[in-house]
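Quick notes on the structure that follows.
The values are calculated or read from the model by the stated rules, or taken from the named source; none is laboratory data. Source: prediction; values computed, not measured. Using ideal geometry, Cβ is built from the backbone for each residue, glycine included, and neighbour counts are taken over all protein chains shown. All accessible areas refer to the heavy atoms of the entire protein, side chains included, with ligands and DNA or RNA removed. Shrake-Rupley method; radii C 1.70, N 1.55, O 1.52, S 1.80 Å.
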Amino acid sequence: DLTRGQMVKTSMFYVAIIAFAFGCTSGMMVISQVSSIMQKGFAMTATQAAVYVSVTSFMSMMGRFIWGWVTDHFNKYVTLSIICGLPVITMGLLAVSASMPLMVSVACLAVTALCYGGFGSTITPITADLFGAAHVTENYGVMYLAFGFAGLVGPQLAVNFSSGGDYTTAYLVAAVISAIALVMALLVRKKVLSSYTD
């Protein structure tokens with residue numbers, strides 16, 4: 001039952017918040033840039049691209065429900081590892097194939113958005129589990145800064161690492177960031193498992 005001040009003095013806080021912040025980044029990049037990706041990569045009009053904005057937004061919303069259910073019925077740290085790990089695959093696939101078919105690209109973007117939504121349903125229970133329930137509201141408020149980080153960094157990745165409608169480098173950077181998030185998630189899980197056996 002750590003207070004906010006006590007929580008930020010633990011090493012686990014920094015491991016967990018990196019997992020959340022880096023994990024959210026690829027999803028935020030996709031959701032903020034999907035219209036541009038569709039218009040520049042597939043020669044769509046803004047009206048046509050708006051359909052895919054709706055698709056990714058819907059998937060983000062569904063991620064909260066789906067991953068919330070998974071978290072409630074299975075291990076929350078396995079869930080965290082999955083939603084950090086799937087974007088490594090989806091962003092990696094988009095990065096290695098410059099001529100990905102539309103439906104495959106949309107599927108990769110949609111899965112990334114689905115995982116992004118999952119962070120909204122895992123941050124609170126994991127924060128409470130790691131640092132106690134007594135001060136979970138204020139601790140959650142600090143941990144939620146991960147979304148702010150992703151909101152700042154995600155769109156900038158797409159802007160700074162894309163060129164003429166080619167998002168290959170942006171996808172590659174997002175995959176690397178997601179891989180770092182996965183490593184942090186696995187470290188959190190390992191720490192929790194070791195505490196159960198101590």
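Scanning the stretch 152-198 for residues that are at pLDDT below 90 and hydroxyl-bearing (S, T, Y) yields S162, S163, S194, S195, Y196, T197.
Just one residue in the set T56, T3 is surrounded by 17 or more Cβ atoms within 10 Å (Cβ to Cβ), more than 17 Å from A146 (Cα to Cα) and either among the hydroxyl-bearing types (S, T, Y) or at pLDDT 95 or above (or both); that residue is T56.
Please state which one of G27, G41 is open to solvent by less than 50 Å² (accessible area, probe 1.4 Å), small (G, A, S) and either under 29 Å from L187 (Cα atoms) or under 17 Å from the mean Cα position of the chain (by Cα) (or both).
Details: G41 fails: either under 29 Å from L187 (Cα atoms) or under 17 Å from the mean Cα position of the chain (by Cα) (or both).
That would be G27, the only listed residue that is open to solvent by less than 50 Å² (accessible area, probe 1.4 Å), small (G, A, S) and either under 29 Å from L187 (Cα atoms) or under 17 Å from the mean Cα position of the chain (by Cα) (or both).
Assessment of the stretch 124-131 against the conditions (polar (S, T, N, Q) and farther than 15 Å from A16 by Cβ) yields no matching residue. Residue-level analysis places V88 among those that are within 21 Å of V176 (Cα to Cα), in contact with a Ser or Thr (Cβ under 8 Å, 6 or more places away or on another chain) and hydrophobic (A, V, I, L, M, F, W, C).
Taking V176, is it open to solvent by 20 Å² or more (accessible area, probe 1.4 Å), within 15 Å of L80 (Cβ to Cβ) and free of Cβ contacts under 8 Å to residues at least 40 places away in the same chain?
Values: open to solvent by 20 Å² or more (accessible area, probe 1.4 Å): yes; within 15 Å of L80 (Cβ to Cβ): no; free of Cβ contacts under 8 Å to residues at least 40 places away in the same chain: yes.
For V176, the condition - open to solvent by 20 Å² or more (accessible area, probe 1.4 Å), within 15 Å of L80 (Cβ to Cβ) and free of Cβ contacts under 8 Å to residues at least 40 places away in the same chain - is not met.
When each of S81, S99, S35, S57 is tested for being out of contact with any Cys (no Cβ under 9 Å at 6 or more places or on another chain) and not in a helix (DSSP H, G or I), the lone residue that passes is S99.
Filtered by the rule that a residue be in contact (Cβ under 8 Å) with a residue 60 or more places away in the chain and open to solvent by 40 Å² or more (accessible area, probe 1.4 Å), the stretch 180-192 gives I180, L182, L186, L187, R189, K191.
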